[in-house]
Amino acid sequence: QVQLVESGGGLVQPGGSLRLSCAASGIIFHIYTMAWYRQAPGKQRELVARIGSNGRHNYADVVKGRFTISRDNAKNIVYLQMNSLKPEDTAVYYCNADISGTGYWGQGTQVTVSS
């Protein structure tokens, strides 16, 4: 049974930082492309950052220079370090594991950026 469990969300002031974690089980983690998506109220889910099995990564333009995705294949965890957070980063953040179009989703973790 595949499980992706996100953690690390919460309430943070503008300019602050959070680190999200996604712990994976039930998959051969190191061969999967891992990604973070987010969905704000009334908006479509969008890709935030992706990291391939080879470690190569890409980011949405709106988070470049502020967010960093990384993975620990020994622990089966993917991280999203989020710095300089803005109110527009407020959303539910979802972890995704994908290989050849077969994908799995976590349950999501809420990130709220507000003063």
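The values are calculated or read from the model by the stated rules, or taken from the named source; none is laboratory data. Computed from a predicted model, the values in this text were never measured in an experiment. Neighbour counts are summed over all protein chains in view; Cβ atoms, including those assigned to glycine, are modelled from backbone coordinates with ideal geometry. Heavy atoms of the whole protein, side chains included, go into the accessibility calculation; ligands, DNA and RNA do not. Shrake-Rupley method; radii C 1.70, N 1.55, O 1.52, S 1.80 Å.
For the stretch 8-38, a residue qualifies if it is open to solvent by 60 Å² or more (accessible area, probe 1.4 Å) and either β-branched (Val, Ile, Thr) or assigned to a strand (DSSP E or B) (or both), and the qualifying residues are Leu11, Arg19, Ile28, Ile31.
Scanning the stretch 40-61 for residues that are open to solvent by 40 Å² or more (accessible area, probe 1.4 Å) and closer than 16 Å to Tyr104 by Cα yields Arg45, Glu46, Leu47, Arg50, Ser53. For the stretch 78-115, a residue qualifies if it is outside any loop (DSSP other than H, G, I, E, B), touching a strand residue (DSSP E or B) at 6+ places or on another chain (Cβ under 6 Å) and open to solvent by 30 Å² or more (accessible area, probe 1.4 Å), and the qualifying residues are Tyr79, Gln81, Pro87, Val92, Tyr94, Asp98, Gly103, Tyr104, Trp105, Gln110, Thr112.
Picking from residues in the stretch 39-72 that are of a type in the set (A, V, I, L, M) and part of a helix (DSSP H, G or I), the one that is nearest to Tyr94 (Cα to Cα) is Val63. Residue pairs whose Cβ atoms lie under 8 Å apart, separated by 6 or more positions or on different chains, with the first residue in the stretch 24-47 and among the hydrophobic types (A, V, I, L, M, F, W, C) and the second in a loop (DSSP other than H, G, I, E, B) and open to solvent by 50 Å² or more (accessible area, probe 1.4 Å), are Phe29/Asn73; Ile31/Ser53. Of all residues in the stretch 1-15, none that is closer than 16 Å to Ala97 by Cβ and free of Cβ contacts under 8 Å to residues at least 24 places away in the same chain has its Cβ atom under 9 Å from the Cβ atom of a residue that is surrounded by 13 or more Cβ atoms within 10 Å (Cβ to Cβ) and among the polar types (S, T, N, Q), 6 or more apart or on another chain.
Looking across the stretch 27-48, the residues that are closer than 22 Å to Val2 by Cα and in contact with a Ser or Thr (Cβ under 8 Å, 6 or more places away or on another chain) come down to His30, Ile31, Tyr32, Thr33. Among the residues of the stretch 56-115, those that are of a type in the set (Val, Ile, Thr) and either touching a Gly at 6+ places or on another chain (Cβ under 8 Å) or closer than 18 Å to Ala40 by Cβ (or both) comprise Val62, Val63, Thr90, Val92, Thr109, Val111, Thr112, Val113. Somewhere in the stretch 49-67, is a residue touching a residue at least 40 places away in the same chain (Cβ under 8 Å) and out of contact with any strand residue (DSSP E or B) (no Cβ under 8 Å at 6 or more places or on another chain)? No, the stretch 49-67 contains no residue that is touching a residue at least 40 places away in the same chain (Cβ under 8 Å) and out of contact with any strand residue (DSSP E or B) (no Cβ under 8 Å at 6 or more places or on another chain).
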